[in-house]
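To start, the structure itself, in structure tokens.
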Amino acid sequence: MASGTLEARFGRLSVDDNKKDPNNRKTTYPKFKTTTSSSTQLPQSSNRSNYLLKVAIENNSNSPLRNPVVKSGRSKGSEESVDVGQKPCPISKQPPVAPKQFHLGMFEIGRPLGKGKFGRVYLARERKTGFVCALKVLYKSEIRKGGVEEQVRREIEIQSHLRHPNILHLLGHFHDSKRIFLILEFAGRGELYKHLTREGRFPEWKAAQYVAQMALALQFCHKKHVIHRDIKPENILVGIHGELKIADFGWSVHAPSQRRNTLCGTLDYLPPDIVRQQWYSEKVDLWSLGVLMYEFLVGSAPFEDSVVLTHRRIVRCEYNVPNFVSREAKDLIEKLLVVAPEKRISLEELQEHPWIVKYCVEGERASMRRSTMASGKSSSDGESSRSFGVGE
Ligand code: AMP
């Protein structure tokens, strides 16, 4: 599983961690084992480990790296507790724990998962708990060169505070002299963009469940006064159960009531309020959700054209919905892609829309989803009352 060359590369890089391994263990990067080993035994006393374990089970239950000594005692409707061979302990009732000090020596590094603009992402496993995660390595020099220090800081701050099944969780971060390491929840099915490219477009039942999940995640963000501002398939990952995870908060902002007018995001997905550089609110995410929904169903974005024409078509809201898209889906697209931000359908109303209800609340697919998606039901702080999964 682990790449020998990768490990060698990590070994060669000076692992000049700010925090040394408290147990003074050798910092080597052995291959992951998929069988039980003493190194994967769970510590019985650490609340933090229980917490990590809970997330590990949620996200990695089908992972080949799943710790075989761990048994998920999850049952339908009991999202907040987990059987780790001891009494289930509701996360919300656990006493606050001091933030854990992470360092590179605590992780075994596995195969590369992907490459971003400022670094690479690797599959990783915390040695002590066997917790499987994604380790994003950002180079400070690249971040400085790109002038994105503020964006990275914002991403870390915002993403680490949002806990929702449809938002990729940032579990922690640490740095050395050259690099910043982000410990991320592992999204087992990779990039949504690749799924869409492979499938061309999604069937309506799947698109509806995806849109509903995005609506829940955005509703959660907006309640926390966070505007995402860059919703698009490239910024969404797919979890092991087929559930969507918003992954990139580089353009998001805290919006404590005031509105902002920075031009950001990718042109195809930008709403007229941002394109015109007007003051705007969290309603920008509703427009982008409309664009996303269109792309799910049609396979291309509604305003896709040359830069000048895309700009013009966005502010005029000029797009065509092909005939193969159902009447109900078209109706919801039209309610999201509305030039006047205040007239866009709300996220609450969206969840009651007939197209969403048809595929996410009623019918065979929905009941299938309910049974397969019980694991992704609620946010840890209980703010999300519904879940819309993809039962594949
Ligand atoms: P990024 O730098 O965030 O754009 O990540 C680069 C690529 O790494 C993504 O396009 C994904 O393919 C992959 N990746 C990033 N984060 C994760 C994750 N948490 N789980 C699985 N794959 C990831």
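Here each label is just a point 7 Å from Cα along the line to Cβ, and for T197 and N323 those points are 3.2 nm apart. First check a/c for the stretch 275-337, with a ≥ b ≥ c the square roots of the eigenvalues of its C-alpha gyration tensor; if it is under 1.5, answer rounded, and if not, answer prolate when a/b is larger than b/c or oblate otherwise. Oblate, since a/c reaches 1.5 and b/c is not below a/b.
Cross-link pairs exceeding 18 Å in C-alpha to C-alpha distance, out of K194/K232; K115/K194; K115/K224; K117/K283; K136/K223, comprise K115/K224; K117/K283; K136/K223. Taking 0.36 nm per residue of separation and subtracting the current Cα-Cα distance, fully stretching the chain between D331 and E304 would add 7.7 nm. A simple spin-label model places pseudo-atoms 7 Å from Cα toward Cβ; at E348 and E157 they are separated by 2.9 nm.
Could you tell me whether the stretch 114-168 comes out rounded, prolate or oblate from its Cα gyration tensor? Rule is a ≥ b ≥ c as square roots of the eigenvalues, rounded for a/c under 1.5, then prolate if a/b exceeds b/c, otherwise oblate.
On the way: a/c = 2.40, a/b = 1.37, b/c = 1.75.
Note, shape of the stretch 114-168 comes out oblate.
Give the calculated FRET efficiency between E150 and R316 to the nearest 0.05, with a Förster radius of 25 Å applied to their Cβ-Cβ distance. For R0 = 25 Å, the calculated efficiency reads 0.15.
Each Lys and Arg contributes +1 and each Asp and Glu -1, all at the Cβ; summed about the Cα centre of the stretch 298-339, the dipole is approximately 100 debye.
Estimated at 0.36 nm per residue, the fully extended path between V357 and E142 surpasses their Cα-Cα distance by 72.8 nm. What residues of the stretch 117-145 lie in the reach of a label at E234, counting those whose backbone N is under 20 Å from a point 7 Å from the Cα along Cα→Cβ? Within reach of a label on E234: 117-122, 136-139, 142-145. Modelled this way, with points 7 Å down the Cα-to-C-beta line, the labels at H225 and A340 are 2.8 nm from one another. Decide, for the stretch 111-237, between rounded, prolate and oblate: order the square roots of the alpha carbon gyration tensor eigenvalues as a ≥ b ≥ c, take rounded if a/c falls under 1.5, and otherwise choose prolate if a/b is larger than b/c, else oblate. Prolate, because a/c is 1.5 or more and a/b exceeds b/c.
FYI, it's all coordinate maths here, none of it is from the lab. Keep in mind that this is a model prediction, so the values were computed, not measured. Please note: Cβ atoms are built from the backbone with ideal geometry, for glycine as well, and neighbour counts cover all protein chains shown.
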